[in-house]
1. Can you tell me which residues in the range A:354-391 are open to solvent by 60 Å² or more (accessible area, probe 1.4 Å) and in contact with a strand residue (DSSP E or B) (Cβ under 6 Å, 6 or more places away or on another chain)?
2. Within the range A:141-191, how many residues are within 9 Å of chain B (Cβ to nearest Cβ) and within 25 Å of residue A:253 (Cβ to Cβ)?
3. Of the residues in the range B:25-59, how many are more than 14 Å from chain A (Cβ to nearest Cβ) and open to solvent by 30 Å² or more (accessible area, probe 1.4 Å)?
4. When you look at residue A:178, is it over 13 Å from residue A:412 (Cβ atoms), among the charged types (D, E, K, R) and touching a helix residue (DSSP H, G or I) at 6+ places or on another chain (Cβ under 8 Å), yes or no?
5. Collect the residues in the range A:152-181 that are within 21 Å of residue A:227 (Cβ to Cβ) and in contact with a Gly (Cβ under 7 Å, 6 or more places away or on another chain), keeping them in residue-number order.
6. Specify the residue that is nearest to residue A:218 (Cα to Cα); the eligible residues are those in the range A:412-449 that are within 14 Å of chain B (Cβ to nearest Cβ) and open to solvent by 40 Å² or more (accessible area, probe 1.4 Å).
7. Would you mention how many residues in the range A:28-52 are touching a Phe, Trp or Tyr at 6+ places or on another chain (Cβ under 6 Å) and open to solvent by 10 Å² or more (accessible area, probe 1.4 Å)?
Amino acid sequence: MREIQAHPILNFKKGKEVSFFFNGSKIIAYDGENIAMALYRLGIDVFSESPKLHRPRGMFCAIGKCSSCMMRVNGIPNVRTCVLPVKENMIVETQSYYGKLPDKVENFKKSIEISKDVAIVGAGPAGATASITLKEYGINPIIIEQNSLLGGQLVKQTHKFFGSEREKAGIRGIKIAEELIQQIEEMNIDALVNSTAFGFYPEENILGVFRDNQFIKISAKYYLIATGASEKMIPFPGNDLPGVFGAGAAQTIMNVFGIKPGNKILMIGAGNVGLIVSYQLLQAGVEVKAVVEAMDEIGGYFVHASKLRRFGVPILTKTTIKEAVGYPRVEKAITVNLDDSFNEIPGTEKEWDVDTICLSTGLIPSVNLLAQAGCDLKYSPHLGGYVPIRNKYLMTTKENIYVAGDVDGIEEASIAMLEGRIAALSILEKMGFNTQNKITDILNELKSLRNGPFSKKVVQGIKEVEYE
Amino acid sequence: MNNYLKSGYLSTVDLSDFLPDLSLIKDHQVAVTECVQEIPCNPCVTSCPTRSIFMKDINDIPHVDFETCIGCGKCVAVCPGLAMFMIRINGTQGEVTLPYELIPLPKKGEEVNLLNRKGEIIGRGVVTKIFLPEREIHSAVVTVTFKDAKILNEVRNIEVIK
């Protein structure tokens with residue numbers, strides 16, 4: 001129903017048919033499809049209701065970061081259905097209130113323990129690159145990844161990357177993901193997919209992982225936390241309606257699963273994510289009504305804005321969303337103009353005929369595990385929120401815990417890959433390998449990439465959270 | 001502040017330093033850049049077989065040496081910002097080569113609408129060449145030819161006529 005029929009960049013391959021039950025009705029999905037995606041493809045928007053006011057809730061982030069798509073699966077409540085693949089005869093039920101506990105507990109398997117030199121949480125550009133670097137030195141890491149696919153958000157990035165040849169500039173993110181995944185497979189790196197690292201227990205130095213109804217205790221000498229970031233929600237009436245997505249969610253839904261997030265879209269935020277995703281929505285055959293931006297100028301790279309303008313998509317600065325209207329999903333959006341102090345200008349409200357609103361109003365580092373582990377965090381608006389205090393080798397205030405990628409400050413994938421290498425090489429140095437020259441080399445490369453005006457704030461932010 | 005950061009498109013005034021003199025492009029296809037912001041990116045420079053695109057460092061703005069550019073179009077296919085184009089005055093006709101990443105792709109010989117930087121239709125032209133690299137890596141490159149050479153510096157997109 002919402003399938004993308006043809007795409008200029010991507011070929012969508014459907015797996016074999018798998019049937020499952022949704023509120024008692026039989027649903028036909030495809031192997032490899034996640035529960036929420038299968039339902040959304042068929043036009044089902046509402047997955048749960050809010051605890052107090054029973055408002056409809058659908059997907060928001062589509063990458064297992066928020067709690068908007070939680071449903072009861074095979075009797076277990078609060079399952080993030082956007083990242084859980086369908087299985088034959090699975091029983092999926094919409095969830096109300098805080099979810100009903102399981103009727104029986106025999107589904108749970110006995111817990112196991114895994115011991116490793118290095119455990120990496122997150123198989124995005126940072127984690128994946130780090131795992132490859134470690135393996136090159138003969139160290140066998142284990143990767144814990146919440147999604148079924150490795151590669152993190154690279155798997156949905158159909159745009160060509162910026163940077164230099166060394167960072168694979170000029171090549172699409174999906175191709176870079178393919179290369180990383182292939183290397184991980186060829187090198188036989190251990191990866192637990194569909195596995196959620198839900199807790200870090202510092203007293204025992206143990207990482208708790210939940211996978212397929214089983215508790216896995218991971219005990220490693222070194223941890224690399226490369227958990228990335230999640231999309232920011234902004235406050236406005238109706239922001240919880242199904243049809244309000246993070247822009248990255250729209251990108252996942254269309255570019256990974258081949259489903260149109262909507263037919264007529266309003267994009268909120270003209271940073272790089274908003275501009276890039278708007279263009280990719282055009283490529284998926286979706287009408288982008290406009291991009292609105294609260295600031296008085298476009299925040300993302302100008303070239304991304306030009307790509308959209310050439311197709312006639314308006315970009316309206318000093319404008320923001322006032323309200324999302326509709327039931328049970330978005331039926332229209334109301335925007336309003338802002339004055340120089342960001343106050344709404346009465347009488348400038350404008351109604352948009354859209355079924356989907358995408359928010360690209362920034363990202364927040366996913367630092368929860370680091371907080372649990374007792375790593376010191378500091379708030380840095382330039383880096384997106386609370387980030388770990390670390391040194392230039394990406395060691396946190398805990399000697400055995402390292403970070404790389406967006407979790408230590410919002411940048412982009414080329415930087416994440418370089419940071420992944422630095423963190424891995426730093427761990428290797430501690431393990432007795434001589435990697436100092438390589439580290440220096442990559443630190444210089446990072447410095448040159450961060451030398452432009454767009455990186456000024458990031459560089460300032462890093463200064464504030466880095467220790468000697 | 002630059003006006004293009006509000007509007008999202010460049011004017012030919014913004015681009016005055018980046019466009020060649022018309023005498024240079026008479027029957028000589030050259031690359032033109034519409035990349036005016038300092039961003040860390042240089043595939044145009046590294047893809048150029050004649051080293052005709054210059055940057056001081058990776059954050060610099062690219063400049064083209066129109067004398068040595070052979071109009072091969074590699075930079076058009078590779079540029080991550082889709083900000084490289086090629087222009088030529090072919091006899092008396094205007095000719096623009098641009099990256100195109102939507103479907104349906106036009107076919108050679110097909111008449112298409114010509115769009116400016118704001119997406120407005122400013123004329124019609126004929127697709128005279130189309131280069132299709134591996135789509136999962138680079139952009140398709142389309143050449144359109146049109147009678148009115150005066151709009152050469154305005155045509156920056158096409159629309160397939162349904």
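The values are calculated or read from the model by the stated rules, or taken from the named source; none is laboratory data. Owing to the predicted nature of the structure, the values given are computational and were not obtained by experimental measurement. When we count neighbours, we look across all protein chains shown, and the Cβ atoms used for this are built from the backbone with ideal geometry, even at glycine. Surface accessibility is based on the protein's heavy atoms, side chains included, excluding ligands, DNA and RNA. Shrake-Rupley method; radii C 1.70, N 1.55, O 1.52, S 1.80 Å.
1. The initial filter retains those residues of the range A:354-391 that are open to solvent by 60 Å² or more (accessible area, probe 1.4 Å), namely A:364, A:368, A:372, A:376, A:378-379, A:381-382, A:386.
Passing the criteria: A:364, A:372, A:379, A:386.
2. 10
3. Number of matching residues: 7.
4. Details: over 13 Å from residue A:412 (Cβ atoms): yes; among the charged types (D, E, K, R): yes; touching a helix residue (DSSP H, G or I) at 6+ places or on another chain (Cβ under 8 Å): no.
So residue A:178 fails the test.
5. A:152, A:153, A:154, A:157, A:177, A:180, A:181
6. A:412
7. Within the range A:28-52, residues that are touching a Phe, Trp or Tyr at 6+ places or on another chain (Cβ under 6 Å) and open to solvent by 10 Å² or more (accessible area, probe 1.4 Å) number 1.
Matching residues to (1) in contact with a Ser or Thr (Cβ under 7 Å, 6 or more places away or on another chain); (2) modelled with pLDDT under 95; (3) of a type in the set (Val, Ile, Thr):
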position	(1), (2), (3)
B:35	no, no, no
B:40	no, yes, no
B:52	yes, no, no
B:65	yes, no, no
B:71	no, no, no
